[in-house]
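Student: Please see the structure below; I have some questions.
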Amino acid sequence: MKSTIIEVINLKKDFYVGDVTVRALKGINLKIEQGEFVAIMGASGSGKSTMLNILGCLDKPTSGEYKLDGVSVSQLNKNELAHLRNEKLGFVFQSYNLLSRTSALENVELPLFYNSHVKSKERKERAIAALESVGLADRMHHMPNQLSGGQQQRVAIARSLVNDPVVILADEATGNLDTRTSYEIMELFQRLNTDEGKTIVFVTHEPDIARLTSRNIIFRDGWVTKEQLVTDKVLASEMLKALPLVEHEG
């Protein structure tokens, strides 16, 4: 039986701008099970980014409950939150967020520096294994400016995997990439989900990207307006085959 990795109960988030209260989330209820590949969709201002920040323990709700892998997040202090974030979550961002003067290998090692149980040798071994899993074994000593956008995003994905998190949170992870490279990155996410059982929550506003996941959760004006299984799910590898063969960034 699969366990519930994310559970959100009547979650609300307010922001205060002067005397004005902006209700970004108005009472969200959702569950994400182990091994799911879920897209959170919605236009700008719909609440999806606010939701992702709360799921990533980067922000706290105004009210309601959030449980991550059975742990009630609202009960944790700042240090406990940081520990939970490093242990349970992997992050992939639109802008890659790599350290510019640090090699691919060192970028991937970075989360492990905050894990006192992992020694230097194991840290390097795990980082190498993560880079191999995303197809960058021959680029591990390259600096970010020596890598294409697609390769930089693969480094970011490897970094998200290195701590073996219970869930990967991806925020518009294909937003800066051309079409072919976007499908290549989604092919990698699909493989991590189907072959390695990774639970993935992928924020996107692109319907063609959302079709490559298994379930879509659609936000609008701070509410979940629709949840649907992707019954016409396609493989990114098939989408790649349908594209014309032209030069791309890789």
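Student: How high is the relative contact order of the chain, given as a whole-number percent (alpha carbon pairs under 8 Å, six or more residues apart)?
Tutor: 26 percent.
Student: Where Lys and Arg each count +1 and Asp and Glu each count -1, what net charge lies around Val38 among other residues with Cβ under 11 Å from its Cβ?
Tutor: Surrounding charge for Val38 is -1.
Student: Given H placed on each backbone N at 1.01 Å, which residues far from Leu89 in sequence or on other chains put an amide H within less than 5 Å of it?
Tutor: Val166
Student: Moving to a separate point now. Rounded to whole Å and sorted largest first, list the principal axis extents of the Cα atoms in segment 48-107.
Tutor: Largest first, segment 48-107 extends 40, 24, 18 Å along its Cα principal axes.
Student: Which residue, chosen from Gly149, Ser103, Leu76, occupies the Cα position most advanced towards the positive end of the dipole of the chain, where the dipole is computed from +1 (Lys, Arg) and -1 (Asp, Glu) charges on Cβ about the Cα centre?
Tutor: Value: Leu76.
Student: Among Val71, Val234, what is the fewest-to-most ranking by other Cβ atoms within 10 Å?
Tutor: Listing Val71, Val234 from fewest to most nearby Cβ atoms yields Val71, Val234.
Student: Also: Which order do Asp138, Asp221 fall in if you start with the one that has the fewest other Cβ atoms within 10 Å?
Tutor: Ranked by crowding around the Cβ, least crowded first: Asp138, Asp221.
Student: Check each of the GluC sites (Glu not before Pro) in segment 172-239 and keep only those in coil by DSSP with at most 12 other C-beta atoms within 10 angstrom; list them in order.
Tutor: Glu196
Student: What Kirkwood Rh does segment 75-181 have if only Cα atoms enter the pairwise 1/r average? Answer in Å.
Tutor: Result for segment 75-181 stands at 14.1 Å.
Student: Please state the charge dipole magnitude for the chain, taken about the Cα centre, from unit charges on C-beta atoms (+1 on K and R, -1 on D and E), reported in debye and rounded to the nearest 20.
Tutor: The dipole of the chain has a size of about 500 debye.
Student: Quick one: Asp69, Asp232, Asp208, fewest Cβ neighbours within 10 Å first, how do they rank?
Tutor: Ordered from fewest to most neighbouring Cβ atoms within 10 Å, Asp69, Asp232, Asp208 come out as Asp232, Asp208, Asp69.
Student: What percent do you get for the relative contact order of segment 1-117 when only Cα pairs under 8 Å and 6+ apart count?
Tutor: With pairs under 8 Å counted, the relative contact order is 25 percent.
Student: Here is a follow-up. On the Cα set of segment 109-250, report Rg and Dmax in Å, please.
Tutor: 16.4, 48
Student: Another question about this same structure. Over segment 154-225, what per residue volume does the convex hull of the Cα atoms give, in whole Å³?
Tutor: 102 Å³
Throughout, read-outs are computed from the coordinates displayed, never taken from laboratory work. From a predicted model like this one, the values you see are computed outputs, not experimental measurements. Because the Cβ atoms are built from the backbone with ideal geometry, glycine has one as well, and the counts that use them run over all protein chains shown.
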